[in-house]
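**Student:** Structure below; questions to follow.
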Amino acid sequence: MLVLLVVCRSFSLSAAPMVRVISIKDSRTVVVDDRGVAAEVTLAQVVIPPAEEEAAAAYLRKTLVNSWVMMERDERGAYLYRSPDALFVNGALATRAYAQSGAEMIFLGEVSPGPRVVEKKVAVVKRAAPVRRRRR
């Protein structure tokens, strides 16, 4: 009976749901579309200093709005992983990714490299070495 209960319990567990991020409320709260219902989700184990909250919220808006995320919940809150690159959102906030200044790169397309030069390929034919017969 106990084995049957354990087996049934394991089948009832499901994978973490994929949800779409609708908006960002603040530096720790994300609004997601969970099967057609807007739900506020608080990020677990994320501590943002008050002076950096606006920068963290802007980072979340830039990286998450209209993105799909995998959400794992526990009693402390939710852990979010952005799809398809699996960015651990909680970890990015914990390492202060929002505070890193760097050049934002925008891909504008290929720069015109000029006319293409096609190199002619020269076929190299290797001749097999002649087989020497041994005299008996």
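Any read-out appearing in this document is the output of simple, stated calculations on the displayed coordinates, not a laboratory observation. What you see is a predicted model; the values in this text were computed from it and never measured. Note: ideal-geometry Cβ built from the backbone for every residue, glycine included; neighbour counts use all protein chains shown.
**Student:** Please specify each residue of the range 18-46 satisfying the condition of being basic (Lys, Arg) and either surrounded by 20 or more Cβ atoms within 10 Å (Cβ to Cβ) or more than 19 Å from the chain's Cα centre (by Cα) (or both).
**Tutor:** Scanning the range 18-46 gives Lys25, Arg28, Arg35.
**Student:** Take the residues in the range 16-53 that are among the basic types (Lys, Arg) and in a loop (DSSP other than H, G, I, E, B), then tell me which one is farthest from Met71 (Cα to Cα).
**Tutor:** Lys25
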